[in-house]
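Before any comments, here is the structure.
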């Protein structure tokens, strides 16, 4: 008969930006050779919006799974439970969280963590930070001691935030750990951010997690991201230069001040540059994929520091 779990913590992960949470969670399960513990019946939490057909026959629906895995520490430290969710529910997410936590509490879970991602202007070659949103000042201080940076303000969307909040309402402390990744690569797997999250969590939990395999994967993806960034920056510079030439052709000498006509140097960026920056801010607010174009334009004119706070405000919503 298996012994009761010893001071267990729960880590819950679902798919999200950069695959940061899912990569970290599945890596934990595999490296620690965790075993299935219990599975939530997810009927009623997911609308069926399509069917699978094979050889002309409709197949039975396959609901997304939410499975708990357990690792019993062979030493004297705490045990660990990891929840892997195939998808975030599209029906009654709060009730889904309550159902998961009811199962977790039956196994004596003492603290709850979720993993997530935060997009920032970080360069792919830089070491990502891990931001933390905790349910108590004490938990936040522990996270800072383990190397995390306290998330000052913003939002955590989806279950990565909601799950921790619902747990707190039930008297369980915890936090969301958000791995930093380049904002232009939200759809690209980012194991480097997952490594950063796991390092902080392992330090906090007092467990040893071999990371060499994931670090090797991260290096491969890093090289690809750097090449992708360079190509995007080149395209953005070409687009900006083309638009500036078109603006100059349209405006002619109409906007020149008397000082400019007599050859006096112009102070600061031109009106055309400022107009383009404002237009890019509007575009990036609705479509963060345009943020790289905005960042390239700010860097090209040496204006990023002047606009840095406003630029970072574009990324205050994490996932």
Inset, instruction - Have a look at the DSSP beta bridges in the chain and tell me what percent are antiparallel, nearest 5. - result: 45 percent
Legend entry - Part-to-part distance (alpha-carbon centres) for the stretch 181-202 and the stretch 58-120, which is given in Å: 20 Å
Inset, instruction - Determine the relative contact order of the chain: mean sequence separation of Cα pairs under 8 Å and six or more apart, normalised by residue count, in whole percent. - result: 20 percent
Inset, instruction - Above 16 angstrom, tally the Cα pairs of the stretch 59-108 and express them as a % of all pairs, no decimals. - result: 53 percent
Legend entry - Per-peptide average of other Cβ atoms within 10 Å, ordering 65-71, 114-120 highest first: 114-120, 65-71
Legend entry - Ranked 23, 51, 277, 226, criterion: other C-beta atoms within 10 Å, fewest first: 51, 226, 277, 23
Inset, instruction - Give me the angle, in degrees from 0 to 90, between the Cα long axis of helix 212-251 and the longest principal axis of the Cα atoms of the chain, rounded to the nearest 10. - result: 30 degrees
Inset, instruction - May I ask for the percentage of alpha-carbon pairs in the stretch 136-187 that lie more than 14 Å from each other? - result: 61 percent
Legend entry - Computed label-point distance, nm, for sites residue 223 and residue 86 using a 7 Å Cα→Cβ extension: 3.5 nm
Inset, instruction - With everything on Cα atoms, drop me the angle between helix 271-286 and the longest principal axis of the chain, reported from 0 to 90° to the nearest 10. - result: 20 degrees
Inset, instruction - Treating the Cα atoms of the stretch 90-222 as identical point scatterers in vacuum, please give the log10 of the normalised Debye intensity I(q)/I(0) at q = 0.16, 0.22 Å⁻¹, two decimals. - result: -0.86, -1.33
Inset, instruction - Can you tell me the 0 to 90 degree angle between the C-alpha axis of helix 93-106 and the longest principal axis of the chain, rounded to 10? - result: 40 degrees
Legend entry - Size-normalised alpha-carbon gyration radius of the stretch 15-99, reference 2.2 N^0.38 Å: 1.33
Inset, instruction - Extending each Cα 7 Å along its Cβ direction at residue 62 and residue 94, get the distance between those two points in nm, one decimal. - result: 3.3 nm
Legend entry - Cα-based radius of gyration of the chain once divided by 2.2 N^0.38 Å, which approximates compact folds: 1.22
Legend entry - Fewest-first ranking of 20, 112, using other Cβ atoms within 10 Å as the exposure measure: 112, 20
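Since every read-out is calculated from the coordinates, none of them should be taken as a lab result. The shown structure was predicted, so the numbers you read here are calculated from the model rather than taken from an experiment. Virtual Cβ from ideal backbone geometry, glycine too; neighbours counted across all protein chains shown.
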